[in-house]
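Every read-out reported here was derived from the displayed coordinates using simple, explicitly stated rules and does not represent laboratory data. Source: prediction; values computed, not measured. All Cβ positions, even for glycine, are placed from backbone atoms using ideal geometry, and neighbour counts span all protein chains on display.
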Amino acid sequence: MNIRDLGNFDKMITPVIIKILFYIGVALAVIGGLIAFFGGIFSAFQQGSIGPAIGGLIGGPLVIILGILLARVYAELLIVVFQIHQNLVAIKKKMVDGE
């Protein structure tokens, strides 16, 4: 990829950015899940109740799993749009070259 490609929008750089954003989303899901997990446990010790601990034990892993799943689905949907674009560009190029 060179400067001309960037200036003419011949190459898409967004799919690379989408992958980076996916990994950021995974990291945020893991951090959020760990905060929910340990927050529930610490809250249970402070309150002397088992309810927050159960919420943390269930909610923490659930946040991690659903967060990673949602990040993946969102990233895949965005990448599909760019793959459609690449396929349409290839079809257009074949039609122009064939004429």
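Observations, loosely collected:
- Selection from the stretch 71-99 of residues that are touching a helix residue (DSSP H, G or I) at 6+ places or on another chain (Cβ under 7 Å) and of a type in the set (Phe, Trp, Tyr): Phe82
- Hey, Phe22 in contact (Cβ under 8 Å) with a residue 60 or more places away in the chain, of a type outside the set (Val, Ile, Thr) and surrounded by 13 or more Cβ atoms within 10 Å (Cβ to Cβ) or not: no
- Evaluation of Ala44 against the conditions (1) surrounded by 15 or more Cβ atoms within 10 Å (Cβ to Cβ); (2) closer than 22 Å to Leu78 by Cβ shows that the sole unmet condition is (2).
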